[in-house]
1. Amide H neighbours of Val55 under 5 Å, counting only residues 5+ apart in sequence or on other chains, H built in-plane at 1.01 Å?
2. Using Cα centres only, tell me the gap between the stretch 22-41 and the stretch 42-73 in whole Å.
3. State which entries of Lys61/Lys122; Lys91/Lys193; Lys122/Lys193 exceed 22 angstrom in Cα-Cα distance in the structure shown.
4. How much length is gained if the chain between Asn74 and Thr201 is pulled fully straight, taking 0.36 nm per residue apart and subtracting their Cα-Cα distance, in nm to one decimal?
5. Amide H of Arg106 versus every other amide H placed in the peptide plane: which residues, excluding those fewer than 5 positions away on the same chain, fall under 5 Å?
6. Tell me the trypsin sites (Lys or Arg not before Pro) within the stretch 4-80 that lie in a loop according to DSSP and have at most 14 other beta-carbon atoms within 10 Å.
7. Long-range amide H contacts for His88: which residues qualify at under 5 Å (H placed 1.01 Å from N, peptide plane, sequence gap of 5 or more or a different chain)?
8. Taking only protein heavy atoms into account and a 1.4 Å probe, give the accessible area per residue of the stretch 87-147 in Å².
Amino acid sequence: LSQVKEGIMAKFALLIGVSEYSEGLRSISSATQDIEAMRRVLEHPDMGAFDQVTVLSNPDKGSMERAVEDLFTNRQRDDLVLLYFSGHGLKDQTAEFCLSARDTERDQNGELRISTILAASKLNKYMNNSRSQRQMIILDCCFSGALVQGMPIKGELNIQEELGGKGRAILTSSSPIEYSFESEDKDLSIYTKYLVEGIETG
């Protein structure tokens, strides 16, 4: 990265895959394979050509949030920042969309422990605080279309404005009420399989 010439955009990616979970959440065998497939196409010089790709496999919540913060911090205006997540997408007791981690758990009443999940509002804060004007979020998880609902806004909800934003793109594998599915062969998830295939073939 030190060799990137002044004025040239740099590309940074963080790929998070959570396959293993604490008791109460089923494992997702494809998640860690998903991030390796994404790494392959993003690092390829003729495809993604990313300068830095960081991969987190089965992180705990603390490690995951620190990595997300690092991804968006100290970036330049023209840097491209990409966050990819494959794992369980959840809704907490207030119906806010959250990303899960290896140590995500529920309390004795079955409610998600706030300290073990990354809420959409927190993710949005890191995004908004970043100087990067080119941000891409790819979520391969259930309820990922609900991300916008976890973002604090003023006035009425304008989906185009919230998702489009200036230089922001959010790709989701499901709507606010849908589940995402693994492929039957337990290789890649269906969404990531075709996303990677599209990047590879154009």
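1. When sequence neighbours closer than 5 places are left aside, the close amide H contacts are Leu15.
2. Their Cα centres are 14 Å away from one another.
3. On the way: Lys61/Lys122 13 Å; Lys91/Lys193 25 Å; Lys122/Lys193 28 Å.
Lys91/Lys193; Lys122/Lys193, as the Cα separations exceed 22 Å there.
4. Numbers: separation 127, 0.36 × 127 = 45.72 nm, distance 3.33 nm.
Stretched fully, the Asn74-Thr201 segment lengthens by 42.4 nm.
5. Close amide H contacts, sequence-distant or interchain: Arg113.
6. Answer in residue order: Lys5, Arg26, Arg77.
7. Excluding prolines and chain starts, which carry no amide H, the hits are Ser100.
8. 42 Å²
The values are calculated or read from the model by the stated rules, or taken from the named source; none is laboratory data. The structure displayed is predicted, hence computed values, not measured ones. For neighbour counting, all protein chains shown are included, and Cβ atoms are generated from backbone atoms with ideal geometry for every residue, glycine included. In case anyone asks, the SASA skips ligands and DNA or RNA and just uses the protein heavy atoms, side chains included. Shrake-Rupley method; radii C 1.70, N 1.55, O 1.52, S 1.80 Å.
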